[in-house]
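Colleague: After the structure tokens below, expect a handful of questions from me.
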Amino acid sequence: MTKPVRYQEGHLYVHHDAWYVRYRERVRQEDGSIKLQQKANRLGSLKDYPGESLIKPLLADFLCKLNAGNFTPEPGMTLTEFIERVYLPYLEEKRVSTKKGYEEIWSNHIHDRVGNIQLRSFRTVNASRMLRAIADENDLSKTTLQHIKGVLSGIFTHAKNEGAFDGANPVQGARIPNNTREPAETYAYNLAQICRILEFLPLLPKAVVATAAFAGLRRGELCGLEWTDYSGDALNVKRSVWKSVVNQPKTRASAKPVPVIRQLAENPECVSKFHRQSAIGCDLSLGRRSAHGLRQTGSSSRPFGHRKSQHRLVRLARVPSWHRVEFV
């Protein structure tokens, strides 16, 4: 067992026209054990600090941080070690969808670019160069690069809270490359197009599409709807579903009732008839991966059309230019 390091005064010396302080720190070995190793840190140049009395304030500041434990856990750990041993386990506290997204950004874009750089040696220039390299090697939008930057910044925020990093977050000042392409414009159907689509849909798909179009819910909230959540004039958002994982609504405001607007309320066949039929086991297969929501009230409580092997589309024949409705 490694003995704790007592208060260190450090050894001040000059090397190659610069002031250095020698100290000891705990370093994890390949076999998992921890050993004390001698380290040195450059404090300043001899030109800028020609006398020992001038460099002493910098030495005192360094030793204060060292002895206060601000360099723990394991101050010599690399960025990769911190992420894999501290940050990724911390993601278990997050929503499953959030955890999956962060892990994919780490493995796809960050892992192979950080090398053996120490966590506390990471600077803003390292983050800027990393983002520039990712942009040069991949056809990513500015929004995607902002997500990558956000994950990297979150890693250092967590490191600061764990006492593994001291100082300003080095990622916050990193710039997204100017030549990064803008995200593609998204398309939203207008009211006339939505009504036209609903004219061609059979009963069950019509209920799902009308709810998706007129309720303004998130995808996960649509997936989590049950018929008992419909009160006649509002939809009560009680859950959010990502794949097969059921979560609470994302925010407190999300859990508030959503009024059923006139366009949805004036489709009685999407409510009363479908409600009656749902009790006898009707099934719905819509979209890629899974259908968007509305659980049965009968013998099964699974979401309609929740079959991973099915990738069905609602195709609208004779509707020019917008001939297909697809959930992705």
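The values are calculated or read from the model by the stated rules, or taken from the named source; none is laboratory data. If you're wondering where the values come from, they're calculated on a predicted model, not measured in any experiment. All Cβ positions, even for glycine, are placed from backbone atoms using ideal geometry, and neighbour counts span all protein chains on display.
Colleague: From 149, 100, which residue is closer than 30 Å to residue 41 by Cβ and in a helix (DSSP H, G or I)? Give the steps one after another, and end with the answer.
Modeller: Numbers: 100 fails: closer than 30 Å to residue 41 by Cβ.
Of 149, 100, the one residue that is closer than 30 Å to residue 41 by Cβ and in a helix (DSSP H, G or I) is 149.
Colleague: Against the definition (crowded, with 19+ Cβ neighbours inside 10 Å and in the same structural domain as residue 136 (by TED's automatic domain parsing)), how does residue 214 come out, yes or no? Before the answer, list the steps.
Modeller: Details: crowded, with 19+ Cβ neighbours inside 10 Å: yes; in the same structural domain as residue 136 (by TED's automatic domain parsing): no.
No.
Colleague: Here's another thing I want to ask about it. If the Cβ limit is 9 Å and pairs must be 6+ apart or interchain, which residue in the range 65-84 that is basic (Lys, Arg) pairs with which residue that is at pLDDT 65 or above?
Modeller: That search, which allows pairs on different chains as well, returns 65/166.
Colleague: Hey, can you tell me all the residues within the range 228-279 that are aliphatic (A, V, I, L, M), touching a strand residue (DSSP E or B) at 6+ places or on another chain (Cβ under 8 Å) and modelled with pLDDT of 80 or more?
Modeller: Scanning the range 228-279 gives 234, 235, 237, 241, 246, 258, 260.
Colleague: Can you work out which of the residues in the range 144-168 that are under 16 Å from residue 108 (Cα atoms) and among the polar types (S, T, N, Q) is surrounded by the fewest Cβ atoms within 10 Å (Cβ to Cβ)? Before the answer, list the steps.
Modeller: Keep residues of the range 144-168 that are under 16 Å from residue 108 (Cα atoms), which gives 144-152, 155.
Keeping just the survivors that are among the polar types (S, T, N, Q) gives 144, 146.
Values: 144: 18, 146: 15.
Among those residues, the one meeting the criterion is 146.
Colleague: Filter the range 127-146 for residues that are among the hydroxyl-bearing types (Ser, Thr, Tyr), assigned to a helix (DSSP H, G or I) and touching a residue at least 40 places away in the same chain (Cβ under 8 Å) and give the result.
Modeller: Matches in the range 127-146: 128, 143.
Colleague: Does residue 108 fit the bill of being over 30 Å from residue 225 (Cα atoms) and among the polar types (S, T, N, Q)?
Modeller: The answer is yes for residue 108.
Colleague: Go through the range 94-126 and give me each residue that's touching an Asp or Glu at 6+ places or on another chain (Cβ under 8 Å) and either without any contact (Cβ under 8 Å) to a residue 12 or more places away in the chain or of a type in the set (S, T, N, Q) (or both).
Modeller: Matches in the range 94-126: 99 only.
Colleague: Might you let me know whether the range 105-122 holds any residue that is in contact with a Pro (Cβ under 7 Å, 6 or more places away or on another chain) and not aliphatic (A, V, I, L, M)?
Modeller: The answer is yes, given that some residue of the range 105-122 is in contact with a Pro (Cβ under 7 Å, 6 or more places away or on another chain) and not aliphatic (A, V, I, L, M).
Colleague: Please find, among 192, 212, the residue that is in a helix (DSSP H, G or I), of a type outside the set (Phe, Trp, Tyr), within 30 Å of the chain's Cα centre (by Cα) and closer than 17 Å to residue 261 by Cα.
Modeller: Being in a helix (DSSP H, G or I), of a type outside the set (Phe, Trp, Tyr), within 30 Å of the chain's Cα centre (by Cα) and closer than 17 Å to residue 261 by Cα holds for just one of 192, 212, which is 212.
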